[in-house]
Amino acid sequence: MIGVMPHDVYLATAVSPALEVMLAERFTLHRDTPPPGTKAIVGGGQMTVDAALLERLPELEIIAVHGVGHDGIDHDAVAARGIRIAITPDVLTDDVADLAIALWLAVDRRVAANDRAVRMGNWAVPLGRRASGRRIGIFGLGRIGQAIARRAEPFDGEILYTARSEKPVAWRFVPDLATLAAESDVLFLAAPGGEETRGVVDAEVLERLGADGVLVNVARGSLVEEDALIAALESHRLAGAGLDVFADEPDVPYALRRMNHVVLAPHQGSATREARAAMTEMVVANLEAHFAGHAVPGLLG
């Protein structure tokens, strides 16, 4: 009996060695120029899949994202072709939310700045700020936004959120981002990237957040006008920022890197051993389910 040839899969970005091994065991992988018969694209949330690439792949059936970001995919072109998009939801939610809270506390309690001071032999440092009792604003109340809210509840402050629509939750809905910023002490960004949210945190929103406010971004760097953020931080019209994502990764502006009231992470929201292992398994499960004609666990929309 003649065996069935494995499907051609294009790796649009580098992936973890574990995922590459699992994919290579099941499919024929291509890293440079994918053949026209390619059935699937696999890559991280930062990958770009545009109309030009899609035109070169007439047999493409599914795009499997190693993550939850998909703003680099041309959704209109994909929908017109009936191509599926699968992500890895839920398995990274807790880790991203944990990091969001950690960044907030690191800013308000000067964890990173004080660490640097002690390592340099200094003991006298400026006072930090109390975390408890602060008003917590969350922009984007999907899985990650809700996980952040649940973690913030024990700090005994009011929790507010802005989303496309009001949710059946106990936290207070605020219809627009500018008002959310004005009513918040700490503003967490947990909304998707893409054109709809590009640059939504502009100079006006930062001004509303104010000189006592802290911005935490674990979503996408594209949500923030980075020059406006730098200007607000340099002039102390914003108290601080905790940032896991940036406008032009991995290029982080020197102005941000030199500020003691800014805490930086190299896009590490899902970077735990547990989350990455689960993400790897789910990418493979998404592809196998699709090609077997079964329900795809991470199917988007």
Discussion item. What's the total number of residues in region 66-114 that are of a type in the set (A, V, I, L, M, F, W, C) and in contact with a strand residue (DSSP E or B) (Cβ under 7 Å, 6 or more places away or on another chain)?
Written reply: 12
Worksheet item: Would it be correct to say that LEU189 is within 18 Å of LEU141 (Cα to Cα) and of a type outside the set (Phe, Trp, Tyr)?
Response: yes
Discussion item. Being surrounded by fewer than 18 Cβ atoms within 10 Å (Cβ to Cβ), in contact (Cβ under 8 Å) with a residue 60 or more places away in the chain and not hydrophobic (A, V, I, L, M, F, W, C) is the requirement here; does GLU55 meet it?
Written reply: no
Worksheet item: So how many residues does region 240-280 have that are assigned to a helix (DSSP H, G or I), closer than 21 Å to ASP94 by Cα and in contact (Cβ under 8 Å) with a residue 24 or more places away in the chain?
Response: 7
Discussion item. Looking at region 241-259, can you tell me whether even one residue there is open to solvent by less than 60 Å² (accessible area, probe 1.4 Å) and in contact with a Ser or Thr (Cβ under 9 Å, 6 or more places away or on another chain)?
Written reply: yes
Worksheet item: Looking at this structure, is ARG198 surrounded by fewer than 17 Cβ atoms within 10 Å (Cβ to Cβ) and either among the acidic types (Asp, Glu) or under 22 Å from the mean Cα position of the chain (by Cα) (or both)?
Response: yes
Fill in: Residue that is open to solvent by less than 40 Å² (accessible area, probe 1.4 Å) and free of Cβ contacts under 8 Å to residues at least 24 places away in the same chain, where the choices are ILE87, ILE63, ILE73
ILE63
Discussion item. Quick check on this structure: which one of ARG56, ARG81 is among the basic types (Lys, Arg), over 20 Å from LEU300 (Cα atoms) and modelled with pLDDT of 95 or more?
Written reply: ARG56
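Would you confirm whether or not region 158-165 contains a residue that is touching a helix residue (DSSP H, G or I) at 6+ places or on another chain (Cβ under 7 Å) and of a type in the set (Gly, Ala, Ser)?
no
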Fill in: Answer residue from region 14-47, given it is at pLDDT below 95 and β-branched (Val, Ile, Thr) and is most open to solvent (accessible area, probe 1.4 Å) among those
THR33
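Provide a single number: the residues in region 200-222 that are assigned to a helix (DSSP H, G or I) and touching a residue at least 40 places away in the same chain (Cβ under 8 Å).
The number of residues fulfilling the criteria is 1.
The values are calculated or read from the model by the stated rules, or taken from the named source; none is laboratory data. Keep in mind the model is a prediction, meaning the values are calculated, not measured. Here the Cβ is made from the backbone with ideal geometry for all residues, glycine too, and neighbour counts use every protein chain on show. Each accessible area value is taken on the protein alone, full model and side chains, heavy atoms only, with ligands, DNA and RNA left out. Shrake-Rupley method; radii C 1.70, N 1.55, O 1.52, S 1.80 Å.
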